[in-house]
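The structure appears right after this line, and notes come after that.
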């Protein structure tokens with residue numbers, strides 16, 4: 001499909017299209033298809049794709065895909081650099097404004113629910129915290145963080161097994177910023193509903209593709225350059241490759257474990273997104289038809 005050259009929207013207020021769903025559900029291919037139809041530009045909402053050099057292991061859109069449609073939100077920081085959901089919200093809102101200024105359509109696409117919701121619900125984040133405090137928290141164990149919260153009367157976050165979430169709630173001294181209860185105006189939100197068997201098959205296929213494209217070599221290069229303990233290297237596949245390289249796991253075990261971990265990730269992502277009652281859940285094909293219809297309606301209004 002050739003990219004359209006006309007501007008479908010006469011104003012700078014083309015709708016924000018959000019395409020969400022679990023890993024391997026087909027979000028990228030759908031987003032590219034829609035973007036090709038409406039002069040769209042894609043903002044990737046993925047907490048792993050922000051890292052430079054972590055290309056294969058994070059399943060970033062390929063260079064060929066990026067050539068077809070402009071992609072934003074990739075390669076923002078080096079592994080080990082600090083980047084928050086608040087940083088993403090600021091970045092994404094700037095990109096949305098720029099895309100609309102070109103009379104193009106912004107598409108917010110990804111599986112990191114906090115990134116997506118920070119934009120859709122205009123999250124109000126707390127002020128930056130003291131850097132010394134942040135470093136201190138990062139060096140504490142999760143048990144020590146629990147004890148800190150108990151001692152200071154701080155309620156644990158809903159996902160209390162996620163160390164980063166506990167660190168953030170301590171940084172805010174237990175305060176939870178007030179956010180919108182409805183999405184921002186002029187946005188269309190769809191979620192990709194995928195049957196379990198199909199999603200598992202896609203995850204397995206992607207696992208094979210990762211190794212075919214050199215994820216093992218990428219992991220070792222990143223580990224040598226940045227170390228293995230930073231946030232970028234905690235993605236599902238990289239720690240497993242380290243164990244394989246050190247002789248702790250066979251290649252078959254690595255692949256089997258990766259599929260299991262990615263399936264668990266998909267379930268966590270769905271748990272997050274299902275709390276958002278404003279998402280219209282559709283199959284991949286139905287989502288395509290729905291968005292085409294919605295964009296046509298917007299174009300005529």
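The values are calculated or read from the model by the stated rules, or taken from the named source; none is laboratory data. Quantities reported herein were computed from a predicted structural model and do not represent experimental measurements. Heads up, the Cβs are rebuilt from the backbone with ideal geometry, glycines too, and the neighbour counts pull from every protein chain shown.
Among the residues of segment 37-78, the ones that are over 25 Å from residue 221 (Cα atoms) and surrounded by fewer than 22 Cβ atoms within 10 Å (Cβ to Cβ) come to 7 in all.
Here 203, 188 are screened, and the one residue that is outside any helix (DSSP H, G or I) and in contact (Cβ under 8 Å) with a residue 40 or more places away in the chain is 188.
Counting residues in segment 266-276 that are farther than 19 Å from residue 59 by Cβ, part of a helix (DSSP H, G or I), touching a helix residue (DSSP H, G or I) at 6+ places or on another chain (Cβ under 6 Å) and not assigned by TED's automatic domain parsing to the domain that holds residue 162 gives zero.
Residue by residue, here is whether (1) assigned to a loop (DSSP other than H, G, I, E, B); (2) in contact with a helix residue (DSSP H, G or I) (Cβ under 9 Å, 6 or more places away or on another chain); (3) more than 29 Å from residue 131 (Cβ to Cβ) holds:
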residue	(1), (2), (3)
17	no, yes, yes
41	no, yes, yes
59	yes, yes, yes
91	no, no, no
98	no, no, yes
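Of all residues in segment 115-133, those satisfying the criterion of being crowded, with 16+ Cβ neighbours inside 10 Å and in a helix (DSSP H, G or I) are 115, 116, 117, 118, 119, 120.
Annotation: residue 160 fulfils all but one of (1) outside the structural domain of residue 231 (by TED's automatic domain parsing); (2) in contact with a strand residue (DSSP E or B) (Cβ under 8 Å, 6 or more places away or on another chain); the unmet one is (2). On inspection, residue 151 fails the criterion of being at pLDDT below 80 and either loosely packed, with under 14 Cβ neighbours inside 10 Å or assigned to a helix (DSSP H, G or I) (or both).
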